[in-house]
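Structure, as C-alpha cells:
The values are calculated or read from the model by the stated rules, or taken from the named source; none is laboratory data. Every value quoted in this text rests on a predicted model; they were computed, and no experiment measured them. Glycine also receives a Cβ, built like all others from the backbone with ideal geometry; neighbour counts cover every protein chain displayed. Side chains are part of the model used for accessible areas, which takes the heavy atoms of the whole protein and leaves out ligands, DNA and RNA. Shrake-Rupley method; radii C 1.70, N 1.55, O 1.52, S 1.80 Å.
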Amino acid sequence: MSRSWKTTILGLLAVAGMTATLVTPATADGDGGLWASATIEPGREGIVEVGYDGTALGEGSVLTLTAPSTTRVTGTPFTDLGYRGSVTLGGSTGTYTFEGTPAAVEDSALAAWQGRRYPFVLSVPADAEPGTRLPDCALVLRDAQGTVRHKGTCTVTVGLPAPTLSHPHPGVPLSARPKLLGSAYPGAQVTVRDAAEEEVCATTAAPNGMWWCVPSRALPPGTGRLQATATFNGVGAMSEQIDVVVAGSADQGHK
C-alpha cells in the first residue's frame, strides 16, 4: 500500500467525520488467500482492509465483502485506476470490480488485485459490546464468469471507546493526592498512570460511565503528566494525556 494512497483514504475519512482503524495482517491465511482485520468502536465507522496474495485475475473479476451481523458497509473509498467500488442497497455487501488497466499505464501497474489493500467502510451499531468479535464477515473473489476463485474470512472486533480524564484540569495547582475523575465505558477497569507509566490509582467505571479515584500515594511536587487507560472484555483504550502541577502536600485533601 503506497503512502500517498493511505494518506488519501485517511484524509477522506477525516473530512467525513469517521475514525479509521487500518490493520495490515502479517501473513495471509494459506496460499492464495483473502484476509482482513479491523477494530471499530461502537457507533462509529471504520475501515476493514482486505489483502490478497493469490494469482492475478482479469477484467471483470469482482471482490465482495459481506458485512458482519448487525453492521453495514457504507463506502468503498479505493479509487485506483481500473477499480470500481459499489455498495448494495442496505449495506449488506460491498464490492470492487476490476475493469481493466488503461493501456497507457499498463506496463507500470501492479497485477490485478495483487500488492494492494482494498478498504471497505463499515458501520458498527452503538449497542455493540466492546471486545465482541462480530460474526458472518466473509470475503469472496470471483472471476469475470462469476466462478468463485478464492474465499476468505475477515475479523471485525468491537473496540473500546476512549476514556476521559476530566479532572484535574491541566495546569491548575493540585494537592499531592487529588481526586481524579472522568468517564469510560460502563464496567471498564480504569487505571490512571503518570509519565513514568506507574499506577497512580485504579477503579471501575459505574453503570452511568463515570469513574473517580484518589492516588494511593502522594504525587511528587512539581510538574507531571497523567493519563487514564480503560480495559474491558479484552480490548483497551487510552485518554489524552494531561499536564499537571502538584503544589500541595499529601495532607491537604483531594483538590
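Summary table
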| quantity | calculated |
| --- | --- |
| Segment 221-238 - phi-based ³J(HN,Hα) in whole Hz, Karplus 6.51/-1.76/1.60, Gly and Pro as x | x, x, 7, x, 9, 10, 8, 9, 10, 10, 9, 7, 6, x, 10, x, 7, 10 |
| For THR191, net neighbour charge (Lys/Arg +1, Asp/Glu -1) across residues whose Cβ lies under 12 Å away | -3 |
| Coordinate range along principal axes, alpha carbons of segment 139-190, Å, largest first | 72, 24, 13 |
| Full-stretch length increase - ALA144, ASP243 - with 0.36 nm per residue and alpha-carbon distance subtracted | 29.8 nm |
| Rg/Rh ratio calculated on Cα atoms of segment 104-215 (Kirkwood radius) | 1.24 |
| Neighbour net charge for ALA128 - beta-carbon separation under 15 angstrom, K R +1, D E -1 | -2 |
| Net charge contributed by nearby residues that have their C-beta within less than 14 Å of GLY75 (K/R +1, D/E -1) | +1 |
| Apportionment of accessible area to carbon and sulfur, segment 136-255, percent (1.4 Å) | 52 percent |
| Residues of segment 146-255: accessible area per residue with a 1.4 Å probe, Å² | 52 Å² |
| Long-range amide H partners of ARG72 with built H, under 5 Å | SER123 |
